[in-house]
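Reviewing the structure listed below.
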2 protein chains.
Amino acid sequence: MPPTKTNNTKAPPAATGVRALVFDVFGTVVDWRTPVIEAVTAAAQETGAEGDWSVLGRQFADDWKAAYRPAMERVNEGAPWINVDAIMRQRLTEIAGKYGLDGLSAAQRDALNEVWSLARPWSDSVSGLSKLREKYILSTLSNCTFRWMVAMAKAGGLPFDAIMTSEQAGRYKPAPEVYEMAITLMGGDASGLMMVACHNYDLVAAQSHGMKTAFLPRQENGPGQTTDQEPEGAWDVVATDIEDLAVRLGC
Amino acid sequence: MPPTKTNNTKAPPAATGVRALVFDVFGTVVDWRTPVIEAVTAAAQETGAEGDWSVLGRQFADDWKAAYRPAMERVNEGAPWINVDAIMRQRLTEIAGKYGLDGLSAAQRDALNEVWSLARPWSDSVSGLSKLREKYILSTLSNCTFRWMVAMAKAGGLPFDAIMTSEQAGRYKPAPEVYEMAITLMGGDASGLMMVACHNYDLVAAQSHGMKTAFLPRQENGPGQTTDQEPEGAWDVVATDIEDLAVRLGC
């Protein structure tokens, strides 16, 4: 592939000086919910769990994901580091019984837990990233476990130049350590980095560290999602998806 | 791209259980010396430095590189962290006068220093890595500055799934922290990782941490190089280059 071009003359003034885009991943780049619903529904059928899994599958996925933010907040408040894979594995143990999934063996639960590493790119993600990559350095800046993030990018064909995760900072976004790590590893110039996320809170933090910001809305929690559908700050770019982001950044 | 295959039935017994290959980069994957010789010779012509640069270029490159290992050893002995880019930039200041390059401005020296981020893949590197990537997770585990490593992979089209560098560990290979970081980030199973290097010392350290090892000789220091031309340990795989490594690992 060609070296990164630096004369992105078609990019908007907001992106002047931006060399690298760092992406939130769960929600922003990939759909975690659909594969989780599918996998837990398959596991329920395998173990003979009763109930209407066309409804329970969605409930289970949301109940499972609900552990994510509180566990990360405990780490940011000083609790010992715990990976996202361990957070999700613990939550699976907690809620399995409530859904009649006690029959799943430990090995089956381990396998089911890995579904989080197989979150799927949204339909615009691979094509949009591929265009952006011609002009910018692309990295993740995700709360996901590093190993899972690498597997997800590989399985989904996500053309990132680098994988950075909170695991390497020892804190979770929006803790300052994560953004500071990204800025340091990318050479120290915060304004040369643009954080791309479908979560306003992530952009609030990135902007406070001097990074540029791009917002795009997603319905990661399902068709009824009402949060994070609009920009809630003075973001440098607002796009409809990653394909649109590429257009707005002159790619 | 397809997900990583796990049934690498053609791989030798030595590679059983290996999921990821982690590569030393300077020397093993890229030729740093030729671009450095070319760049410094061009800079000498630009600034009108006297002498026979068909000879001086090689001497300068080797003199410049000579700062690399001692500076890293000082960090491993407890000196404050210093990036490879800063190490090389300092060395450039130290030796420029000796070669009649005092005329280079600070900006010209900064630009010249970046040549280390443009080290070029050996002729077998991109094709060999591309084959290996179908079956294994591929990462760097390099003493290079993270930013430089990302730039080098992008410019050279090196198809790594992840970039790990000593900068993220705060110590340089062969310090334990670097290998421990790689093992942790890749999921904790050292025997599932194979270190690939053209330096025996790197493999000694990797093996001591339970990692598998692959050696391949390079002439990174030029055609006269006599060191590291033979395996000096019981390495799991010995290959002639990365193409050959792919064959030996069943790709």
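The values are calculated or read from the model by the stated rules, or taken from the named source; none is laboratory data. Please read all numbers here as calculations on a predicted model, not as lab measurements. Using ideal geometry, Cβ is built from the backbone for each residue, glycine included, and neighbour counts are taken over all protein chains shown. Note: accessible area is taken over every heavy atom of the protein model, side chains too, but ligands, DNA and RNA are not part of it. Shrake-Rupley method; radii C 1.70, N 1.55, O 1.52, S 1.80 Å.
A few remarks follow.
- Within the option set B:GLY224, B:GLY233, being open to solvent by 10 Å² or more (accessible area, probe 1.4 Å), away from chain A (no Cβ under 14 Å) and at pLDDT below 95 holds for one residue only, B:GLY224.
- Where A:PHE60 falls short, out of the listed (1) touching a helix residue (DSSP H, G or I) at 6+ places or on another chain (Cβ under 6 Å); (2) within 28 Å of A:VAL238 (Cβ to Cβ): (2)
- Test: residue in the range B:173-191 that is basic (Lys, Arg) and farther than 23 Å from B:ASP31 by Cβ: no
- For the range B:17-32, filtering for residues that are open to solvent by 30 Å² or more (accessible area, probe 1.4 Å) and more than 22 Å from B:LYS135 (Cβ to Cβ) leaves 0.
- Failed criterion for A:ASP124 (all others in (1) within 19 Å of the chain's Cα centre (by Cα); (2) modelled with pLDDT under 95 hold): (2)
- Test for B:TYR179: is it more than 10 Å from chain A (Cβ to nearest Cβ), over 22 Å from B:ARG19 (Cα atoms) and modelled with pLDDT of 95 or more: no
- Test: A:TRP81 is over 30 Å from A:ILE242 (Cβ atoms), within 12 Å of chain B (Cβ to nearest Cβ) and modelled with pLDDT of 95 or more: yes
- B:MET72 within 19 Å of B:ALA175 (Cβ to Cβ) and assigned to a helix (DSSP H, G or I): yes
- Residue check, B:ALA162 touching a residue at least 12 places away in the same chain (Cβ under 8 Å) and closer than 12 Å to B:SER117 by Cα: no
- Pairs meeting the criteria (first residue in the range A:40-53 and farther than 11 Å from A:TYR99 by Cα, second residue open to solvent by 60 Å² or more (accessible area, probe 1.4 Å), beta carbons under 7 Å, at least 6 apart or on different chains) are A:ALA43/A:GLN108.
- Qualifying residues in the range A:45-69 (those that are part of a helix (DSSP H, G or I) and among the aliphatic types (A, V, I, L, M)) - the one farthest from B:MET186 (Cα to Cα): A:VAL55
- Every condition in (1) among the aliphatic types (A, V, I, L, M); (2) more than 10 Å from chain B (Cβ to nearest Cβ); (3) in contact with a helix residue (DSSP H, G or I) (Cβ under 8 Å, 6 or more places away or on another chain) holds for A:MET186 except the one numbered (2).
- Scanning the range B:153-170 for residues that are more than 10 Å from chain A (Cβ to nearest Cβ) and crowded, with 20+ Cβ neighbours inside 10 Å yields one hit, B:SER166.
- Condition met for B:GLY78 (on the phi > 0 side of the Ramachandran plot, over 17 Å from the mean Cα position of the chain (by Cα), outside the structural domain of B:ILE183 (by TED's automatic domain parsing) and free of Cβ contacts under 8 Å to residues at least 24 places away in the same chain): yes
- Evaluated against (1) within 12 Å of another protein chain (Cβ to nearest Cβ); (2) in contact with an Asp or Glu (Cβ under 8 Å, 6 or more places away or on another chain); (3) not β-branched (Val, Ile, Thr), A:GLY100 falls short on exactly one condition, (1).
- Enumeration of residues in the range B:1-44 that are part of a helix (DSSP H, G or I) and modelled with pLDDT of 95 or more: B:ARG33, B:THR34, B:PRO35, B:VAL36, B:ILE37, B:GLU38, B:ALA39, B:VAL40, B:THR41, B:ALA42, B:ALA43, B:ALA44
- Positions within the range B:205-230 being touching a Leu at 6+ places or on another chain (Cβ under 9 Å) and either within 21 Å of B:VAL30 (Cβ to Cβ) or outside the structural domain of B:VAL178 (by TED's automatic domain parsing) (or both), in sequence order: B:ALA206, B:THR213, B:ALA214, B:PHE215, B:LEU216
- Taking the criterion of being open to solvent by 70 Å² or more (accessible area, probe 1.4 Å) and within 22 Å of A:ALA162 (Cα to Cα), the residues of the range A:105-133 that qualify are A:LEU118, A:ARG120, A:SER123, A:LYS131.
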